[in-house]
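Okay, so here's the structure we're looking at.
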Amino acid sequence: MALILENVSLAIDRHQILEQISFKLPIGQSLVVLGNSGAGKSKLLEVVAGLISNQGGRIIFAGQDIGALSPQERKIGFVFQDYALFPNLTAEANILFGLQARHAPVREQDRWLKAVSIELKIDHLLKRFPAELSGGQQQRVALARCMVLRPDVLLLDEPLSALDAASRERLALLMKKIQKKYRVTMLYVTHDHNEARYMGDQVLVIDQGRAVQMGRPEEIFARPVSRFVAHFTATRNILPGRIKERCGDGMALVKVAGCQLLSTSFPARGEDVWVCMRPEHLSLIGALPDISNELSNEISGETFDKTSGDNLISGYRICQIIPQSGAAVLVELMRRGERLMVFASSRRIENQGLLSNTEVELAVAARHVHCLPRQPEDIYCRPE
């Protein structure tokens, strides 16, 4: 049993908004939809909810084609980006609005109001009006208004975008807990990569109305299928390279930025590639470890272990150290005009006494050197 979209398309004023979107999401799982502004993410939710009729394809839930059903018949909850609360109603009245419209028994209204408000930790706010609530509290009321209706599918359109970082983190944890507890099938639109990784059992990346990649979060972020997906998921290190040798043990030797690295993720054909390495997969290390000559080769100043597939890279100097949220820093490294971005902990930077212009060594596993096909007409643009 699943939520299935088959070639769903939508055009508005002759402009193609969605083009043959297809996916299969098992019931009880969550799908995060990623894409640039104007890619069609919100319109996709509106089509699933029945607020806009799709011009092509089918929407199937639990074996039933729901494309011809009205929004009320689809048992779908929608949490909008701007909360869409009634300003003249209390939090309690907002939450109960849908149940009262369905003429649900008062006992049922009270039972679900109590259960959901306690679950969302807003039971002490029920008599307040929206203007008296913080953004995070308003979002919890909007979510409660959906959950009391016990939807089969929950749609959330960038629900945390207006909140501060701390509130986003707390509410994301809470929403994930509730989604798993009630086994609600969820479509979640966001621009935030951390939210995507945490909230999604699967991630769908769309570009200009087309689905370009779908898979588990770790797959999307570690093995993008195109340079667009690599850029959009903040791979940051996307360098032109060339495959020098395909080894028989499932590895390839790739020349990139004047050095040679082992990779376990490379195209079956073609020599010219884009080499993608995420900043969190590169490690700053001190002196090069003592590796037996029997297990390692040294090529152009680079050392790699053919047994483990670990690459050691030397010769890069720190350009700048950029503080990130929490205890993380983003380190910009340069060597002969080539740039690499690396995540590290501020503690490691401090303990190793790393400063600007310090020469450092890097380590990256072969499984984290991901190669994409590169066409001769491709124009390389380093991501900012």
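The values are calculated or read from the model by the stated rules, or taken from the named source; none is laboratory data. All of these numbers come straight from a predicted model, not from anything done at the bench. All Cβ positions, glycine included, derive from the backbone under ideal geometry; neighbour counts span all protein chains shown.
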| query | Gly135: more than 27 Å from Pro26 (Cβ to Cβ) and not charged (D, E, K, R), yes or no? | reply | yes
| Single match in Phe266, Phe304 (criterion: aromatic (Phe, Trp, Tyr), at pLDDT 75 or above and on the phi < 0 side of the Ramachandran plot) | Phe266
| note | Note: among Arg183, Arg145, Arg168, Arg216, just one is in contact with a helix residue (DSSP H, G or I) (Cβ under 7 Å, 6 or more places away or on another chain) and among the basic types (Lys, Arg), namely Arg145
| query | Quick one: would you say Thr235 is within 27 Å of Ser30 (Cβ to Cβ), assigned by TED's automatic domain parsing to the domain that holds Trp274 and under 14 Å from the mean Cα position of the chain (by Cα)? | reply | yes
| Is there a residue being modelled with pLDDT of 90 or more, touching a Ser or Thr at 6+ places or on another chain (Cβ under 6 Å) and assigned by TED's automatic domain parsing to the domain that holds Glu19 anywhere in the stretch 200-207? | yes
| message | Given the criteria of a type in the set (Lys, Arg) and either in contact with an Asp or Glu (Cβ under 7 Å, 6 or more places away or on another chain) or more than 18 Å from Gln81 (Cα to Cα) (or both), does Arg102 qualify? | response | yes
| remark: Counting only residues that are β-branched (Val, Ile, Thr), modelled with pLDDT under 95 and either in contact with a strand residue (DSSP E or B) (Cβ under 7 Å, 6 or more places away or on another chain) or closer than 13 Å to Arg210 by Cβ (or both), the stretch 1-12 contains a total of 0
| task | Among the candidates Leu126, Leu96, single out the residue that is farther than 29 Å from Gly40 by Cα, touching a helix residue (DSSP H, G or I) at 6+ places or on another chain (Cβ under 8 Å), assigned by TED's automatic domain parsing to the domain that holds Gly35 and not in a helix (DSSP H, G or I). | result | Leu126
| request: Pairs only if they're at least six apart or on different chains, beta carbon under 9 angstrom, first in the stretch 36-47 and free of Cβ contacts under 8 Å to residues at least 40 places away in the same chain and of a type in the set (Asp, Glu), second surrounded by fewer than 22 Cβ atoms within 10 Å (Cβ to Cβ) and assigned to a loop (DSSP other than H, G, I, E, B); list them, first residue then second. | output: Glu46/Ile52
| query | Taking into account only those residues within the stretch 172-196 that are of a type in the set (A, V, I, L, M) and part of a helix (DSSP H, G or I), which is farthest from the chain's Cα centre (by Cα)? | reply | Ile178
| query | Could you list, in sequence order, the residues of the stretch 197-249 that are surrounded by fewer than 19 Cβ atoms within 10 Å (Cβ to Cβ), among the basic types (Lys, Arg) and assigned to a helix (DSSP H, G or I)? | reply | Arg197
